[in-house]
Amino acid sequence: MFETSTSRGREHVCREAGPQVMIVGNPGSRRVSLFQESMAALGLALAVVVPYADLLAGRVALEAFVTEGTILRFESPDRDFEVESALIAAGADEDDEPPEAARIGRAEAMRLEFDRGRILHLRQWYLGFRGLLRRLDRDRESCPLHVAMNRPDDIIVMFDKPTCHALFEAQNVPCPPGLGTPRSYDELRDRMERAGINRVFVKLAHGSSASGVVAFETDGRRVQATTTVEAVESASGLKLYNTRAIRRLTDEPRIAEVVDALCQERAHAERWVPKASLAGGPFDLRIVVIGGRARHAIARVGRGPMTNLHLRNRRAEADLVRSRMGPAAWDELMCSCEWAARVVPGSLYAGVDVVVSPGFRRHAVLEINAFGDLLPGVLCDGLDTYAAELAEDRRALNRFVDWVAGREDDQISVLLTPWGEAITRRWYREALIRLTNLPHVERAAVQTNLACGLHWIERCDKTRLALWATYHPSQVRRDDFLARCRELDRRGVRFSVGVVGLKAQLAEAEALRRELPPHVYLWIKAYKPGLGDLTADEARRFEKIDPLYPINTERHPSLGRACRAGQSVVSVDGDGTVRRCHFIRDPIANLYEPGFEAALIERPCTNATCSCHIGFVHLDHLRLYPVFEGGLLERIPAGSIWMRESPEFVSNT
């Protein structure tokens with residue numbers, strides 16, 4: 001949380017940091033392997049991989065892997081037939097919007113046999129994938145505080161081409177005119193005629209990698225379709241296969257048959273925008289946007305309308321395109337990619353496909369890809385896409401500290417609530433040193449597990465430094481943690497200590513309380529899924545350690561209640577996106593845009609309940625500001641209430 005005081009009042013800002021990574025993906029896949037290689041190259045511990053197959057089968061749950069501070073990354077579930085058939089099976093039980101595609105039952109889906117390249121029940125696959133992502137998103141709510149690099153709801157959007165196209169149009173992102181979702185070849189031709197369009201792309205709504213794409217054109221008498229689809233007659237009917245070979249069809253009944261089959265799985269149609277040529281062929285661009293900035297870029301040069309590299313097309317340097325377009329047109333293209341990525345604001349990264357028109361002056365955004373960051377060997381500032389995603393936190397933190405340094409007319413306080421451990425990262429230590437030595441910063445605090453040496457603290461102004469230290473008995477010996485706490489005390493640093501209130505950790509928490517210096521506050525974070533496992537006596541023992549423990553056990557009603565979030569409390573992402581708090585997703589401003597202060601107005605809470613300290617402490621009706629007066633950022637109550645036999649504090653819970 002960053003907290004800023006201005007003439008408008010006190011503004012609190014929350015932010016997270018980097019990495020202790022968990023990947024939901026297919027173990028051994030190229031994407032997972034390359035990401036792990038990037039982590040190793042940066043000197044980071046390899047990510048924990050949780051297989052899609054195990055999640056779908058119910059063999060594991062997110063809660064077993066996500067710990068406080070985890071960075072969660074969802075990878076593509078592709079290239080694993082067990083996962084593909086399980087997602088199709090899961091889709092059998094999902095509701096669909098009309099017109100519904102033909103579906104098979106769960107048991108039949110699990111009996112499907114691998115048939116290389118075959119397009120199998122793609123709409124049903126999408127429904128299963130969407131259902132899984134929604135379930136995992138719900139499961140995240142009961143996990144310890146963590147962050148997702150790419151949010152499930154954003155992935156769902158990016159796997160739905162009609163929805164993406166509608167969002168592009170609504171946000172004025174330059175894109176080809178759309179023809180909606182035709183239900184048949186005849187309907188496609190009718191829509192083309194009414195729109196006065198004679199060349200279109202027809203794409204499976206939930207396809208990727210040129211799966212089920214048809215480039216169709218007509219002069220009114222003749223027709224032609226260029227496609228990656230091979231149609232094969234069988235005893236059970238027409239089967240469609242994706243192939244690397246590009247086919248040209250001129251027989252209208254055959255074209256109609258293919259398009260009809262694609263439309264049954266839901267298809268998206270849009271005007272076929274001509275492509276400029278480069279190095280002997282038509283091309284488009286894949287731009288990877290990371291942290292709101294268009295970064296890595298590659299040109300894909302084809303032999304026809306489809307330019308995907310796996311179709312044996314060629315790479316070309318994006319600099320060749322930049323030089324042909326000129327700086328102004330190129331900058332405009334990159335801005336369009338950044339604008340397109342804003343339709344999925346909860347994702348750190350996305351791959352954006354852009355076409356440049358002949359003449360190299362105009363462009364159009366074609367698609368946005370949830371897993372479009374697989375560009376091995378393409379570097380930006382010396383980093384590949386995965387390394388850049390992992391390094392984005394450092395850039396974003398430095399940018400924020402620069403912003404704070406420039407607010408010399410404000411009185412500012414900052415709390416960093418990190419993704420993973422912060423102070424093991426040199427840039428977080430440097431940020432705290434710099435922040436505490438700025439004359440207009442009242443307090444700089446950080447959430448930490450004290451997992452590194454503390455000598456750097458001597459470079460801070462210790463009167464402005466505070467630590468929120470969390471003890472995890474499964475990760476560190478108590479004696480080692482206590483030694484760090486005593487060192488903080490000797491160095492004159494203000495800090496609190498926290499423990500998760502698990503039944504299994506009660507005795508450890510009591511031992512920690514006995515051995516900590518009495519003047520150090522030990523707070524208990526209530527583990528709400530496990531509250532029912534505690535006896536009344538065990539709950540009282542936790543309350544004896546922390547008199548504020550009962551407040552932490554509640555899911556406080558908050559809908560419509562007055563809260564300082566959005567007026568004097570806000571949360572900020574690395575790209576500067578300002579939200580009211582960690583738990584309300586809708587953005588209200590951007591910290592780095594002029595006049596963001598105008599968004600800081602009184603708003604009632606829009607969530608039904610609030611159950612985390614960094615959220616409910618700001619609810620007016622709980623009256624917790626006086627309780628934490630002078631120690632709000634570092635979570636230290638006023639008056640050493642934990643040292644009293646019968647602590648008194650005001651709160652309406």
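For region 241-258, the candidate set comprises residues that are under 14 Å from Ile119 (Cα atoms) and touching an Asp or Glu at 6+ places or on another chain (Cβ under 7 Å); within that set, the residue that is surrounded by the fewest Cβ atoms within 10 Å (Cβ to Cβ) is Thr243.
Is it fair to say Leu72 is of a type outside the set (Gly, Ala, Ser), under 25 Å from the mean Cα position of the chain (by Cα) and over 19 Å from Gln20 (Cβ atoms)? No.
Every residue, every condition in (1) over 16 Å from Ser209 (Cα atoms); (2) open to solvent by 30 Å² or more (accessible area, probe 1.4 Å); (3) at pLDDT 95 or above, yes or no:
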position: Ser347; (1), (2), (3): yes, no, no
position: Gly351; (1), (2), (3): no, no, yes
position: Ser357; (1), (2), (3): yes, no, yes
position: Ala370; (1), (2), (3): no, no, yes
position: Asp381; (1), (2), (3): yes, yes, no
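With the requirement that a residue be part of a helix (DSSP H, G or I) and surrounded by fewer than 20 Cβ atoms within 10 Å (Cβ to Cβ), what does region 332-345 give you? Across region 332-345, the qualifying residues are Glu332, Cys335, Glu338, Trp339.
Can you confirm whether Leu278 is within 24 Å of Ser76 (Cα to Cα), out of contact with any Phe, Trp or Tyr (no Cβ under 6 Å at 6 or more places or on another chain) and at pLDDT 95 or above? The answer is no for Leu278.
In a loop (DSSP other than H, G, I, E, B) and farther than 24 Å from Asp575 by Cα, is that true of Gly630?
Details: in a loop (DSSP other than H, G, I, E, B): yes; farther than 24 Å from Asp575 by Cα: yes.
So Gly630 passes the test.
Looking across region 536-572, the residues that are in contact (Cβ under 8 Å) with a residue 24 or more places away in the chain, open to solvent by 50 Å² or more (accessible area, probe 1.4 Å) and among the charged types (D, E, K, R) come down to Arg541, Glu554, Arg555, Arg561, Arg564. For region 77-132, the set of residues classified as touching a residue at least 40 places away in the same chain (Cβ under 8 Å) and either aliphatic (A, V, I, L, M) or touching a strand residue (DSSP E or B) at 6+ places or on another chain (Cβ under 6 Å) (or both) consists of Val83, Ala86, Leu87, Ile88, Ala90, Ala101, Ala102, Gly117, Arg118, Ile119, Leu122, Leu132, listed by residue number.
So which residues in region 66-95 are out of contact with any helix residue (DSSP H, G or I) (no Cβ under 8 Å at 6 or more places or on another chain), among the hydrophobic types (A, V, I, L, M, F, W, C) and surrounded by 16 or more Cβ atoms within 10 Å (Cβ to Cβ)? Of everything in region 66-95, just one residue is out of contact with any helix residue (DSSP H, G or I) (no Cβ under 8 Å at 6 or more places or on another chain), among the hydrophobic types (A, V, I, L, M, F, W, C) and surrounded by 16 or more Cβ atoms within 10 Å (Cβ to Cβ), namely Ile71. In this entry, Ala102 is excluded by the filter for residues that are open to solvent by 20 Å² or more (accessible area, probe 1.4 Å), farther than 24 Å from Ala53 by Cβ, in a helix (DSSP H, G or I) and not charged (D, E, K, R). Sort out which residues of region 266-300 are over 27 Å from the mean Cα position of the chain (by Cα) and open to solvent by 30 Å² or more (accessible area, probe 1.4 Å), and write them in order of number. Passing the criteria: Arg271, Pro274, Lys275, Ser277, Ala279, Gly280, Pro282.
Output the number of residues of region 401-452 satisfying the condition of being of a type in the set (S, T, N, Q), open to solvent by 10 Å² or more (accessible area, probe 1.4 Å), over 22 Å from Ala483 (Cα atoms) and in a loop (DSSP other than H, G, I, E, B). Write out each step before concluding.
Initially, region 401-452 is screened for residues of a type in the set (S, T, N, Q), giving 411, 413, 417, 424, 436-437, 447-449.
Adding the requirement that they be open to solvent by 10 Å² or more (accessible area, probe 1.4 Å) leaves 411, 424, 437, 447, 449.
Next cut, over 22 Å from Ala483 (Cα atoms) only: 411, 437.
Next, only the ones that are in a loop (DSSP other than H, G, I, E, B) stay: 437.
So the answer is 1.
With respect to (1) touching a Ser or Thr at 6+ places or on another chain (Cβ under 6 Å); (2) in a loop (DSSP other than H, G, I, E, B), the lone exception for Glu230 is condition (2). The one condition from (1) in contact with a strand residue (DSSP E or B) (Cβ under 8 Å, 6 or more places away or on another chain); (2) modelled with pLDDT of 95 or more that Pro253 does not meet is (1). One residue stands out in region 456-467 among those that are outside any loop (DSSP other than H, G, I, E, B) and of a type in the set (D, E, K, R): the one that is surrounded by the most Cβ atoms within 10 Å (Cβ to Cβ), namely Arg459. Among residues of region 42-62 being at pLDDT 90 or above and over 18 Å from Gly131 (Cα atoms), the one that is least open to solvent (accessible area, probe 1.4 Å) is Ala47.
Consider Pro162 carefully, then state whether it is closer than 30 Å to Arg254 by Cβ, assigned to a helix (DSSP H, G or I), open to solvent by less than 50 Å² (accessible area, probe 1.4 Å) and modelled with pLDDT of 95 or more.
Working: closer than 30 Å to Arg254 by Cβ: yes; assigned to a helix (DSSP H, G or I): yes; open to solvent by less than 50 Å² (accessible area, probe 1.4 Å): yes; modelled with pLDDT of 95 or more: yes.
When the stated conditions are applied, Pro162 passes them.
With respect to the conditions (1) surrounded by fewer than 16 Cβ atoms within 10 Å (Cβ to Cβ); (2) touching a Lys or Arg at 6+ places or on another chain (Cβ under 6 Å); (3) more than 20 Å from Gly560 (Cβ to Cβ), Glu593 falls short on a single one, namely (2).
The values are calculated or read from the model by the stated rules, or taken from the named source; none is laboratory data. What you see is a predicted model, and the numbers here were worked out from it, not measured in a lab. Backbone-built Cβ (ideal geometry, glycine too); neighbour counts: all protein chains shown. For accessibility, only protein heavy atoms count, side chains too; no ligands or nucleic acids. Shrake-Rupley method; radii C 1.70, N 1.55, O 1.52, S 1.80 Å.
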